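The values are calculated or read from the model by the stated rules, or taken from the named source; none is laboratory data. For clarity, every value in this text was computed on a predicted model and none was experimentally measured. No Cβ is skipped: glycine too gets one built from the backbone with ideal geometry, and neighbour counts run over all protein chains shown. All accessible areas refer to the heavy atoms of the entire protein, side chains included, with ligands and DNA or RNA removed. Shrake-Rupley method; radii C 1.70, N 1.55, O 1.52, S 1.80 Å.
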Amino acid sequence: MENLYIHVPFCVSKCRYCAFSSEAGAGVERIRDFIRLLPCELALRGTAGSHPATVYLGGGTPSLLGPDGLRALFAALPRPAPGAEVSVEVNPADVTPALAAALRAAGATRVSIGAQSFSDRALAWLGRRHGPERVREAFAAFRAAGIPSLSLDLIAALPGAPAGEFSASLREAIALEPDHVSVYPLSVEPGTPLARAGVAPPSDDEALAAVAESESVLSAAGYARYELSNYARPGFECRHNLAVWRGEDYAGAGPAACSREGRERRANAPSFDAWRAALESGCLPPAEIESLSGDEDESERFATRVRLARWRGPDPATPAGRRRLAALGALARGGLAAPLGGGDWTLTARGREVADAVMAELA
């Protein structure tokens, strides 16, 4: 398997906006069981002997495992291929020089820091465990440890934010000189504390204004918008996410992890207890498995490519490809897409604003 995703299903506490599957307040024993049983799932899935080109540790909060837990987790994973990208998501509240050094020694090449904001007010409202200074300290620790690539995540368009708050966070992020920046307008997902509190999501105009500001400010600072929500200096794009967006296969392990292998989609059940019980019995964890037709598979893989700044157009030799080329022609005439030559395409600035609708047209 070329691309491997590991879902670490634990958090210290749940942020108010988070809809990802994770368990807050897990004890040491559950974390040890996760690390102990992860190789069993990889072996049963047939990926234990692979040498992936990308590995991504997400969650949840991988950094809460601490230096010892992260070393043990890395030891349980397949050995990556030479030159592989190995990414780890971290919460700044967990980061110490020892943790940064442990990640570097274990082979991490890329760290994604969940900064979310540089405003004390915004971080408290989001339910984060850290303040702005912890982001700076974490960033400095990873730079000192020699992690080759560092990314910062920011959340935009927070309801009720004072004027200039997000602009200040953008400036603070750029001042640290990260290699990569992700900017996501706030999404109020069902079942989250924000949704239960009745918080309204930002309007389309508010979200688009924040995205436009992000692109303007980050582009001026040397970051290219290579995907709808992601910006990078040349050569520092996230290779794992690029592989997924380009339609490559990926294997996921851990509770709630998703996989895409051939025409099969697999989503592990989110229950840690069910995951553990199955593996201790020598069985694969329970999962929702869907087999796609050839047309469905091709359609989904094509749609994810459209998120990128430059993407390969459809194959004119197939009926579905010809249909999509006709749709692209209409989108181009409407100012939403543009050919780049050599069979490649891009969304225009307006097309990026209505990307979901464009992808629906091309599905």
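What the table shows:
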item: Filter result for Ala200 (open to solvent by 20 Å² or more (accessible area, probe 1.4 Å), under 27 Å from Arg128 (Cα atoms) and not in a helix (DSSP H, G or I)); result: yes
item: Those residues of region 136-156 which are more than 17 Å from Gly58 (Cβ to Cβ) and open to solvent by 20 Å² or more (accessible area, probe 1.4 Å), in sequence order; result: Arg136, Glu137, Ala140, Arg143, Ala144, Ala145, Gly146, Pro148
item: Which listed residue, of Pro285, Pro270, Pro255, Pro316, is in a loop (DSSP other than H, G, I, E, B), open to solvent by 40 Å² or more (accessible area, probe 1.4 Å) and closer than 24 Å to Arg45 by Cα; result: Pro270
item: Evaluation of Leu218 against (1) closer than 17 Å to Ile155 by Cβ; (2) open to solvent by less than 50 Å² (accessible area, probe 1.4 Å); (3) without any contact (Cβ under 8 Å) to a residue 40 or more places away in the chain (one fails), failing number; result: (3)
item: Residue within region 236-250 that is more than 22 Å from Arg16 (Cβ to Cβ), of a type in the set (S, T, N, Q), assigned to a helix (DSSP H, G or I) and open to solvent by less than 50 Å² (accessible area, probe 1.4 Å) present; result: yes
item: Within region 288-312, tally of residues that are modelled with pLDDT under 95, surrounded by fewer than 14 Cβ atoms within 10 Å (Cβ to Cβ) and not in a helix (DSSP H, G or I); result: 1
item: Flag for Ala163 being over 20 Å from the mean Cα position of the chain (by Cα) and part of a helix (DSSP H, G or I); result: no
item: Pick from region 120-135, criterion free of Cβ contacts under 8 Å to residues at least 40 places away in the same chain and hydrophobic (A, V, I, L, M, F, W, C), ranking: surrounded by the most Cβ atoms within 10 Å (Cβ to Cβ); result: Leu123
